[in-house]
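Only one structure is covered here, and it is reproduced in the block below.
The values are calculated or read from the model by the stated rules, or taken from the named source; none is laboratory data. Because the structure is a prediction, the values reported are computed rather than measured. We place every Cβ from the backbone using ideal geometry, glycine too, and count neighbours over all the protein chains shown. Ligands, DNA and RNA are stripped out before the accessible areas are found, and what is left, the full protein with its side chains, is counted by its heavy atoms. Shrake-Rupley method; radii C 1.70, N 1.55, O 1.52, S 1.80 Å.
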Amino acid sequence: MTSGFSMLLVRHPPVVTGPECCYGRLDVPLAPGWERCLSRWTGEGPIFASPASRCRLPAARLGAEEGRAVSVDPRLAELDFGCWEGKRWEEVPREALDTWAGAPLTYRPGGGEAVRTLIERVTAFWEERLAHRQSCRVVTHGGPLRVLLALAEKRAFRMSDRAPAQGDGRLLYFFNNDRGMNIETLALR
């Protein structure tokens, strides 16, 4: 029986842009005071981050404070919204949003990336981390977090899944028992 491990999944701190803006892969700046989030991101093991500066910079600050390296992993990037990036949601044509709603996993919003592709790359990251059975912290975005949390619950991703708020996250505890690996999920406090 192997010992347990943990995985802290956190969403990047708040950003300057508002919720009315589509900014999947768009590099948007962190809001002033973002550093306050770091005190709740305690954990063990390596730190992984999305390539976006809103994830990479807080992860690097956390790593520097603890003397840990940060691994930037492109599989943790947010969904690519193509030509929708930087637009207000109200500027995206209604028919394009309806088409996406009709085929949410396969449609490529703005010509960017399909949700199915996001799920595949995030699942590959998840499986790699589970194979290592090593505690770690992951700094990423709402989309990848929604996929990771669905995987933790051992169920299919749903478009209606909610992500933690910016700066918040979930702590997963992995432990073995007679029936196999179990996962306990706790919200950050």
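Suppose the filter is in a loop (DSSP other than H, G, I, E, B) and either among the aromatic types (Phe, Trp, Tyr) or within 12 Å of the chain's Cα centre (by Cα) (or both); does Glu78 pass it? So Glu78 passes the test. Residues that are more than 20 Å from Met159 (Cβ to Cβ) and without any contact (Cβ under 8 Å) to a residue 60 or more places away in the chain occur in segment 79-95; there is at least one. Look at (1) open to solvent by 20 Å² or more (accessible area, probe 1.4 Å); (2) modelled with pLDDT of 95 or more and you find that Thr140 fails only one, number (1).
Remark: Val28 falls outside the filter, which requires a residue to be hydrophobic (A, V, I, L, M, F, W, C), open to solvent by 40 Å² or more (accessible area, probe 1.4 Å), touching a strand residue (DSSP E or B) at 6+ places or on another chain (Cβ under 7 Å) and in contact (Cβ under 8 Å) with a residue 12 or more places away in the chain.
Looking across segment 20-46, the residues that are assigned to a loop (DSSP other than H, G, I, E, B) and under 24 Å from Lys87 (Cα atoms) come down to Glu20, Cys22, Tyr23, Gly24, Arg25, Leu26, Asp27, Val28, Pro29, Ala31, Pro32. On the given criteria, is Val10 outside any loop (DSSP other than H, G, I, E, B) and β-branched (Val, Ile, Thr)? The answer is yes for Val10.
Going through (1) of a type in the set (S, T, N, Q); (2) within 25 Å of Leu30 (Cβ to Cβ); (3) buried (at least 16 other Cβ atoms within 10 Å of the Cβ) one by one, Ser71 falls short only on (3).
Scanning segment 81-96 for residues that are open to solvent by 40 Å² or more (accessible area, probe 1.4 Å) and part of a helix (DSSP H, G or I) returns Cys83, Trp89, Glu90, Glu91, Arg94, Glu95. Summed over segment 97-118, the residues that are open to solvent by 80 Å² or more (accessible area, probe 1.4 Å) and part of a loop (DSSP other than H, G, I, E, B) give a count of 1.
For segment 34-68, taking the residues that are of a type in the set (Gly, Ala, Ser) and touching a Ser or Thr at 6+ places or on another chain (Cβ under 8 Å), the one that is surrounded by the fewest Cβ atoms within 10 Å (Cβ to Cβ) is identified as Gly45.
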